[in-house]
Amino acid sequence: MMPRLQFLSLSNNYLNGTILASLCKIVSFKILLLSRNRLSGRIPSCLGNLRDLTVIDLSYNMLSGYVPMSLGSQHFIASLCVQKNNLQGKIPMSLRNLVYVEALDLIMNAFDGFIPWWIGESLSALKMLSLHSNKFEGEIPLQLCHLASLRILNLANNMMTGIVPTCFGNFTAISTHENNGIWDYHTYALDGSFEGDVYGENLLVYIKGIQLEYIRALAFLYSIDLSGNNFVGEIPKELMNLLGLQNLNLSMNKLDGHIPWNIGNHLNLSFNHLSGRIPKGNQLQTLDDKSIYIGHDGLCGPPLNNCSDELPKGHKKGGTTRKDDSEMLWFYRGMGIDLVAGFVGVCSILYFKDPWRYAWFGLVERVYNKLWVTVAIKANQLKRKFPRNRFEENA
């Protein structure tokens, strides 16, 4: 009924069932968006017959089985996203034919085996390679270092071993902070056929333990995440050449040796809304470059002005603000209310529960009598030991 349909977006619905093979009859497809539904079953192999497809987004569904080898027939595909499904097996070698692919997102599935070496040899246009949370093992193929355009590499939460390649310092796009407007929301517009936003990449990134979803800001992200594996050896000093790198996550591995002295070059907190004293410690105190803190009127402490000399507006001596005082006042008020409520609750129980009341006052009486007898005995002993006059001593 729609032989010339180019753009189909059914994302963010409650569609269930399988992906209908009848979609493959629309050979004019360029963008197919079925993400965030409840689709199950396998990815139809006939999708490989749609030679004009540039974007396939099947993420956030319940698809299972293997990635069809036929997808390697789509030479012009720019983005393949199947994140957060139940797909398994190895990455099919036929995908090496996707020479124009820029984003390959396979995170949160059950892919296994080794990361194919041909990704670095054949997929030279890759700007995002995201394999987070799968079952990949083995070492990082050195061929990945040939991906000069790569800006986002996420291999976290797999079972990989070996060392972090020193040639990662060759990622040209990261070292030069290249920003050519890729992944703008208009990137995959259909030759002017549609106006406004059509499709933009999105990616889950874990920064300091927080899961963040990048959409429009993805064009400005430069990230390498190798956390949650079994990598060994030292942190390559060559990584410090990646001047545009914004997120470097090497946590939860087995790395050893020294931390590169210039790793602080990747810290930049400028032009945010930070305030207060810069924390003291063995990490931040080694970063004496004031430029990483510029753009904050409320920051103080080394390497900036001393907090005792110039305090931010709204701060009082002693390091507390009016807001802090107000919060402490409410804290003490809350404590008082809690104590009163607890006292009233106990008294109410004793008033309505006769056995509890008898037991409680009986306990109080026994404790009182025991304390009184103990005090009386101690007092009598002291009188005998230190008599106040000669008559008591003779007695």
> In square angstrom, rounded to the nearest 10, how much accessible surface does Thr176 have for a 1.4 Å probe?
Replying inline: 90
> Using the C-alpha gyration tensor of the stretch 1-97, what are the square roots of 5 times its eigenvalues, in whole angstrom, with the largest one first?
Replying inline: 18, 18, 11
>> Given the whole protein assembly as supplied and a 1.4 Å probe, what does the accessible area of Trp117 come to in Å², nearest 10?
In response: 120
> Quick one: if you stick a label point 7 Å off each Cα along the C-beta vector at Arg384 and Val27, how many nm between them?
Replying inline: 11.6
> So how do 143-150, 12-19 stack up, highest first, on mean other-Cβ count within 10 Å?
Replying inline: 143-150, 12-19
> What is the spin-label model distance, in nm, from Phe114 to Leu350 if the labels are put 7 Å beyond Cα along the C-beta direction?
Replying inline: 7.7
> Between Ile337 and Val367, what FRET efficiency comes out of the Förster formula 1/(1 + (r/R0)^6) with R0 = 45 Å and r the beta carbon distance, rounded to 0.05?
Replying inline: 0.95
> Applying the Karplus parametrisation 6.51 cos²θ - 1.76 cosθ + 1.60 with θ = phi - 60° to the phi angles of the stretch 234-245, what ³J(HN,Hα) value in whole Hz is obtained for each residue in order, glycine and proline being reported as x?
Replying inline: 8, 6, x, 5, 5, 4, 6, 7, 7, 5, x, 5
>> Is there a quick way to get the dipole size of the stretch 7-64? I mean about its Cα centre, with the Cβ of Lys and Arg at +1 and of Asp and Glu at -1; what is the value in debye to the nearest 20?
In response: 60
> Taking a threshold of 23 Å on the Cα-Cα distance, which of the pairs Lys30/Lys90; Lys84/Lys135; Lys127/Lys254; Lys30/Lys127; Lys135/Lys254 fall above it?
Replying inline: Lys30/Lys90; Lys127/Lys254
> So how exposed is Arg277, as accessible area in Å² (1.4 Å probe, rounded to 10)?
Replying inline: 130
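The values are calculated or read from the model by the stated rules, or taken from the named source; none is laboratory data. Here the structure is a predicted model, which means the values were calculated and not measured. Cβ coordinates were reconstructed from backbone atoms using ideal geometry, including for glycine residues, and neighbour counts include every protein chain displayed. To get the accessible areas, we keep the full protein, side chains included, count just its heavy atoms, and leave off ligands, DNA and RNA. Shrake-Rupley method; radii C 1.70, N 1.55, O 1.52, S 1.80 Å.
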